[in-house]
Amino acid sequence: MATARSFALALLVAFAAILHHAASTTQTAETAAPATDATGFLQCLAVDLPAGVVYSNASQSYASVLQSSIKNLLFVTPATPTPLAIVAAADASHVQAAVRCGARHGIRVRPRSGGHDYEGLSYRSLRAARPFAVVDLAALRAVRVDVKRETAWVGSGATLGELYYAVANRSKRLGFPGGLGPTVGVGGHLCGGGFGTLLRKHGLAADHVVDAVVVDAKGGLLDRASMGEDFFWAIRGGGGGSFGIVLSWKLRLVRVPPTVTVFTIHRPRNQSATALLTNWQQVAPALPSDMFLRVVLQNQDAQFQSLYLGKRSGLLATLSKNFPELGVTPEDCIEMTWIQSVLYFAFYVTGKPVELLLDRGAKPERFFKAKSDYVSAPIPSHVWESTWSWFLKDGAGLLILDPYGGRMGSVAPAATPFPHRQELFNLQYYGFWFENGTEASERHMAWIRDLHAFMEPYVSKNPRGAYANYRDLDLGVNGGGDQDSAASYEEARVWGEKYFKANFERLAAVKAKVDPDDFFRNEQSIPPLPSSRNGLIA
């Protein structure tokens, strides 16, 4: 065993020496970049962590471990800058060791829970010049449900599907207000806010975090009491990868009725879809909080999807009073349990076994790019007509409109870092394709960027808002790490205020307090607030 371990260490160190030389050569053009010691970092990991936890680029299993959580084929290319090493953490001490080794040797560490980051920043970099490492949290996915107290502790590496399954397995009357995608990692979802079909009744997923366990920039292990309320505020919606590595979360569960009702109906463009969509913008955010009614636009079709927390009769009465022109019939409606509705919205069918929620997903099957907006006032019908005519054709992509209102509108914008509480709805643009090659990527990227630009006059302004969990590097990126703190902060405000509005400055003040050396850094991480502006937080 000792011989095998020594051989593994020798491989790691030899590989790191080559990589360190390459990085040093690159840095001659970037003389201000902080020194890194890749050799020392890998040697530190080999000494402090057990065998089988660290995967360097030289490891036979490196590619499979790296790609195990990648969801976007855009980032599975030889040209993508990838981590120097992946630490497949199975214990809190593994994360602490990775952070301490990284801080000691100048290697920044990025956490990855589910790998759904739209821009892949939990496992890739835009620049090859500075090596980085990934702490993969997939093994930290235990879920412990306390039915009596209506709470659950969940590891950041768990998926939303695993969380929902565990809750429903213990109680048919408890649920959690998270997102629709069952393979989304809990850690990243909560760090960005998180919303789904229960948002109008119960608000954001992050609103229900009551405690957390975090590894900070010094490798210390903190809970809510020891991290303090500012730190705790920042991790519940301030984006992942900026303040520390959250290992687990204590969640307050919500009560769900024994019966919920769902429907999905299609209204083609030539059958009043534009008029319905125009009216929906005012109706959906004002409906009783028991009803969630969203719209998905694709090709020349509007798909209306709803979850109602109650029986069919209540849903029909609500729509008859508030949105009769939608024309929903009793035959359109399906009664089921809450956990069955989770499967329904995830897979668009009924009758699937609940165990399907435990499937963490296969290798990526498509290329995609997403963007987002918030809408403060109804968009005129002629704009939707132009959108149908110019953009929603030939299967180029889709638009997803999720209504707010209800509980969302009753929470102060500064209560958590997520500020978009008063908007009518979130608008997600989602372009996807299956063809390989530069020409296909450029064509589809142009489609979504052109559509996003076209919508600018009709969405939120000053700043034009965006949702942090729909990360979009077109909004701006941090530099290579060479700027002084003031320049970095001003640069990050360009994208940061779109995600967080006035909360961005407080997030930067928290960053200056808990990670002043900016150890946890990526292309869209929160920078420390410069000392000239600090003082916001005592």
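The values are calculated or read from the model by the stated rules, or taken from the named source; none is laboratory data. Predicted, not measured: the structure shown is a model, and the values here were computed from it. Glycine gets a Cβ as well: all are built from the backbone with ideal geometry, and neighbour counts include every protein chain shown. In case anyone asks, the SASA skips ligands and DNA or RNA and just uses the protein heavy atoms, side chains included. Shrake-Rupley method; radii C 1.70, N 1.55, O 1.52, S 1.80 Å.
Numbers for the structure displayed
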| read-out | value |
| --- | --- |
| Rg and Dmax of region 321-408, Cα atoms only, in Å | 17.6, 46 |
| The chain: calculated mean residue ellipticity at 222 nm from DSSP helix runs of at least 4, using -39500 (n - 2.57) | -10000 deg cm²/dmol |
| The chain, accessible area per residue, ligands and nucleic acids excluded (1.4 Å, Å²) | 39 |
| Crossing angle, helix 503-514 versus the chain [Cα axis fit, 0-90 degrees, rounded to tens] | 30 |
| Hydrodynamic radius by Kirkwood, which averages 1/r over all alpha carbon pairs of region 235-342, in angstrom | 15.9 |
| Largest to smallest accessible area among ARG443, ARG521, ARG255 [probe 1.4 Å] | ARG255, ARG443, ARG521 |
| Candidate aspartates and glutamates - alpha carbon under 16 Å from LYS369, same-chain residues fewer than 8 apart omitted | ASP117, GLU119, GLU435, GLU439, GLU442, ASP450, ASP472, ASP474 |
| With Cα atoms, 0 to 90° folded angle of helix 438-454 axis to the chain main axis | 60 |
| For region 79-164, projected area of the alpha-carbon convex hull averaged over all directions, nm² | 6.7 |
| With every protein chain in place, the chain: carbon and sulfur % of accessible area (1.4 Å) | 54 |
| Relative contact order for region 38-136, counting Cα pairs under 8 Å that sit 6 or more residues apart, in percent | 35 |
| Lysines with Cα under 20 Å of LYS218, excluding same-chain neighbours fewer than 8 positions away | LYS511, LYS513 |
| Length-normalised contact order for the chain - Cα pairs under 8 Å, 6+ apart - percent | 14 |
| Whole-Å distance, taken between Cα centres, linking region 58-99 and region 406-451 | 27 |
| Proximal aspartates and glutamates relative to LYS250, as straight alpha-carbon distance under 12 Å, when same-chain residues fewer than 8 apart are discounted | ASP146, GLU150, ASP207, ASP211, ASP223 |
| Degrees between helix 338-347 axis and first principal axis of the chain (Cα, 0 to 90, nearest 10) | 80 |
| Cross-link pairs beyond the 27 Å C-alpha cut-off, checked among LYS71/LYS393; LYS148/LYS501; LYS311/LYS352; LYS311/LYS363 | LYS148/LYS501; LYS311/LYS363 |
| Share of alpha-carbon pairs per 10 Å distance bin for region 38-136, given as whole % | 16, 53, 28, 2 |
| Taking N as its residue count, the alpha carbon Rg of the chain over 2.2 N^0.38 Å | 0.98 |
| Cα centroid of region 306-355 to Cα centroid of region 164-197, whole Å | 19 |
| Convex hull volume per residue for region 143-255, taking Cα atoms only, in Å³ | 91 |
| Unmatched cysteines, the chain - criterion: no other Cβ of a Cys under 4.7 angstrom | CYS191, CYS333 |
| Three semi-axes of the equivalent ellipsoid, region 322-480, Cα gyration tensor, whole Å, largest first | 27, 24, 20 |
